[in-house]
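The structure appears right after this line, and notes come after that.
Each reported figure results from applying straightforward, stated rules to the coordinates on display, with no laboratory input. On a predicted model such as this, the values are computed, not experimentally measured, just so you know. Quick reminder, even Gly has a Cβ in these numbers, built from the backbone with ideal geometry, and neighbours come from all protein chains shown.
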Ligand code: TRP
């Protein structure tokens with residue numbers, strides 16, 4: 001008998017908990033900032049509506065209808081397609097390996113906040129790169145393992161293991177705390193942020209639309225791949241979670257609730273970030289566009305700096321990093337859970353043992369991100385995975401359902417269990433629109449990649465990034481070629 005969520009609320013909490021994470025508080029504000037504030041919001045919201053939500057409906061429906069994890073679900077669609085699930089699972093595994101490393105940074109900051117005299121006062125940037133990461137000058141100098149980060153990573157993995165070891169039930173319990181807490185904390189930070197001088201300038205920068213920027217393909221690419229990331233689509237997680245639902249569970253409503261909550265929390269986090277950035281601009285007498293560095297810098301340089309400029313800085317630092325940790329932890333364990341579900345479909349080992357194997361191996365692989373060149377590797381892996389890995393999985397999913405399984409068939413099922421009925425538009429989106437858009441995005445991105453080396457990294461380092469995409473892809477293709485032999489086994493039962 002398959003495990004079950006104890007209630008619909010727990011399922012929704014789990015799905016929202018997976019979707020809401022560092023993507024909302026760190027990645028979304030950073031992209032918004034990078035693309036000039038308000039300019040990013042429109043593509044993001046459009047991509048969320050036309051790409052994200054329909055695909056989320058697809059993943060929920062597939063998992064719930066077939067009652068299977070990602071690999072078996074796609075194998076059911078066609079015996080050669082198990083590789084799509086495999087790609088999704090590898091994507092989760094790779095993301096969780098570096099996601100945990102980011103949580104380790106947050107943990108270091110969290111612990112340091114208890115020293116009351118915040119050590120980064122005055123030079124948050126120097127503190128992050130020089131002290132926390134001890135970053136080398138270039139990716140070619142690995143610089144050995146940074147033992148504090150190594151230790152923090154170990155603690156993060158113990159926490160993740162603790163959350164997933166008992167399966168769905170223990171997840172339910174942890175979720176009741178992990179989902180609402182960050183929201184309350186963000187609320188407190190927002191109120192504090194809004195009462196700071198200059199915050200409104202930051203907020204104006206955030207919400208002011210910039211229609212000229214809409215012509216940039218870069219912007220649309222970033223928005224589309226971020227929607228995949230933030231909704232946890234293309235990772236097999238949502239398929240796995242939905243497979244624990246009763247077959248009669250509502251689907252469309254659950255999907256809308258998940259994607260709207262996720263977007264709302266991102267927008268909310270954006271208000272917090274830009275209020276504080278506005279304050280920083282005001283207090284250093286510079287412009288909003290100039291105060292912050294893009295990338296990982298936004299959460300780990302600008303925030304600590306802003307926090308240190310507040311009254312009771314240690315208290316706000318503790319709150320902020322606790323927010324990051326709690327937001328990230330449930331995302332991290334949902335990735336691990338998704339992997340365990342799939343492994344559980346293949347191997348007889350207990351849930352606990354599988355959890356131990358997944359957490360243990362992810363920890364070992366993550367050691368690369370605790371070296372003094374770790375940030376560079378993280379940057380490259382994140383880039384290739386989000387721009388190619390996720391988009392490819394999304395594309396394959398649409399082709400599998402749109403052209404092989406038949407979107408009408410899935411939609412009939414969705415409508416038979418859901419209060420809100422899906423119109424025929426959904427079939428067209430899955431079958432034609434989405435594949436066309438994703439192919440265009442991939443081609444344009446590929447062109448970019450070969451004309452301008454990403455962030456000027458050396459070729460060997462970029463090849464590492466390509467390998468992250470290509471190795472799983474080759475295995476998936478191998479599974480497709482081999483599929484005919486295993487077909488009878490997989491589909492007869
Ligand atoms: N959606 C999560 C966030 O916004 C991150 C994430 C990406 C994720 N892929 C995932 C979470 C897979 C769980 C499972 O931070």
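Listing 460, 105, 120 from the residue with the fewest other Cβ atoms within 10 Å to the one with the most, what is the order?
Details: 460 9, 105 26, 120 23.
Listed from fewest to most nearby Cβ atoms, that is 460, 120, 105.
Peptides 47-53, 342-348 ordered by packing proxy, namely the average of other Cβ atoms within 10 Å per residue, highest first: 47-53, 342-348.
Over the stretch 101-245, the fraction of Cα-Cα pairs per 10 Å bin, rounded to whole percents and listed from the shortest bin up, is 8, 20, 32, 31, 10, 0.
Adding -39500 (n - 2.57) for every DSSP H run of four residues or longer, then dividing by how many residues the chain holds, sets the calculated 222 nm ellipticity at -22000 deg cm²/dmol.
Debye sum, Cα scatterers, the stretch 355-418, no solvent: what log₁₀ I/I(0) at q = 0.21, 0.22, 0.29 1/Å? Once normalised to I(0) and log-transformed, intensities are -0.88, -0.91, -1.08.
With a Förster radius of 45 Å, plug the Cβ-Cβ distance of residue 67 and residue 134 into 1/(1 + (r/R0)^6) and report the FRET value to the nearest 0.05.
Taking R0 as 45 Å, the efficiency between residue 67 and residue 134 is 0.40.
Rounded to two decimals, what is the ratio between the C-alpha radius of gyration of the chain and 2.2 N^0.38 Å?
Dividing the Cα radius of gyration by 2.2 N^0.38 Å gives 0.94.
The distance between label points at residue 49 and residue 4 comes to 3.8 nm (points 7 Å beyond Cα on the Cα→Cβ vector). Equivalent-ellipsoid semi-axes for the stretch 306-414 (Cα gyration tensor, √(5λ), whole Å, largest first): 35, 21, 18. Working note: Cα atoms of the stretch 1-158, range along each principal axis, descending, whole Å: 55, 39, 38. Here, the stretch 345-493 has an Rg and a Dmax of 19.8, 54 Å when only alpha carbons are counted. With only Cα atoms counted, the stretch 203-327 has Rg and Dmax values of 18.2, 58 Å.
Can you work out the FRET efficiency for the pair residue 356 and residue 155, with r the C-beta to C-beta distance and R0 = 22 Å, to the nearest 0.05?
0.85
Working note: Debye formula, equal point scatterers on the alpha-carbon atoms of the stretch 377-465, no solvent; log10 I(q)/I(0) at q = 0.13 Å⁻¹ is -0.57.
Could you compute the FRET efficiency for residue 181 and residue 260, with r as their C-beta to C-beta distance and R0 at 22 Å, rounded to 0.05? All intermediate terms of the calculation are to be shown ahead of the outcome.
On the way: r = 20 Å, r/R0 = 0.92.
With R0 = 22 Å, the Cβ-Cβ based efficiency is 0.60.
Counting other beta carbons within 10 Å of each Cβ, put 326, 201, 258 in order, fewest first.
In increasing order of surrounding Cβ atoms, one gets 201, 326, 258.
The order of the peptides 310-318, 88-96, 430-438 by mean Cβ neighbours within 10 Å, most packed first, is 88-96, 430-438, 310-318.
Note that the stretch 81-128, at 37 °C in a medium of 0.692 mPa s, gets a Stokes-Einstein diffusion coefficient of 248 µm²/s from its Kirkwood radius over C-alpha pairs. The Cα atoms of the stretch 95-157 cover 33, 28, 19 Å along the three principal axes, with the biggest extent listed first.
Taking other Cβ atoms within 10 Å as a rough exposure proxy, 388, 303 sort from fewest to most as 388, 303.
Within the stretch 58-110, the ratio Rg/Rh, alpha carbon atoms throughout and Rh by Kirkwood, equals 1.23. Computed extension gain for residue 447 through residue 214, at 0.36 nm per residue and net of the alpha carbon distance, reaches 81.9 nm.
Protection proxy ranking of 222-229, 123-130, 281-288, by the mean of other Cβ atoms within 10 Å over each peptide's residues and highest first, is 222-229, 123-130, 281-288. What the Cα convex hull of the stretch 1-88 gives, in volume per residue, is 131 Å³.
Fully extending the segment from residue 147 to residue 428 would add 95.9 nm, taking 0.36 nm per residue of separation and subtracting the current Cα-Cα distance.
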